[in-house]
Amino acid sequence: MSSSKKAAFTKAAKSPKPKRPAPFSIRLSEDERAFLARKAGNKPLGTYVRSTLLGDAETRRKPSRAPSIDYALLGQVLGMLGKSEQLSCLFMLLVAAEADRIELDESESQALRETCEDVREMRALLIQALGLRSETQA
């Protein structure tokens, strides 16, 4: 995997969430909440209360356009990577090439080693993105 691809994937996997201030909460009776809900009309209650208290000043951050992380899909990718017979075949080819059981020129052999290393790296980054520990980290 090229260093720029690795850096981009690692950055995406490690992006820390910014800390937000603690939310401000207030207890309301059922009647008070119903009154506010009527006044809010079809606006969300929180938006109505905020705009009433703070005016029209836009103090909120704009929503992030960063894609959400789908941990279930990442887990499925990791599972498919682990069950793939193609992956086993790739590593068997590498072992055979290193034992000189099959004939590859140096560039092909190097490409095969790099591909296997890329697969190991992808697995490690998927495990890290999911917050799991691999057997080597235990």
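Here, each number is a calculation from the coordinates, and none is a lab measurement. All values reported here derive from a predicted model rather than from experimental measurement. Glycine also receives a Cβ, built like all others from the backbone with ideal geometry; neighbour counts cover every protein chain displayed.
Data table
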{"read-out": "Label-to-label distance, nm, for residues given as C116 and D100 (7 Å Cα→Cβ offset)", "value": "1.7"}
{"read-out": "Per-pair calculated FRET efficiency, R0 = 41 Å: A7 and Y48 via Cβ, rounded to 0.05", "value": "0.40"}
{"read-out": "Whole-Å semi-axes of the range 69-129's equivalent ellipsoid (Cα gyration tensor)", "value": "28, 12, 7"}
{"read-out": "FRET E, pair K83, K19, Förster distance 35 Å, beta-carbon r, rounded to 0.05", "value": "0.35"}
{"read-out": "Simple spin-label estimate for I69 and E32 in nanometres, 7 Å along Cα-Cβ", "value": "3.8"}
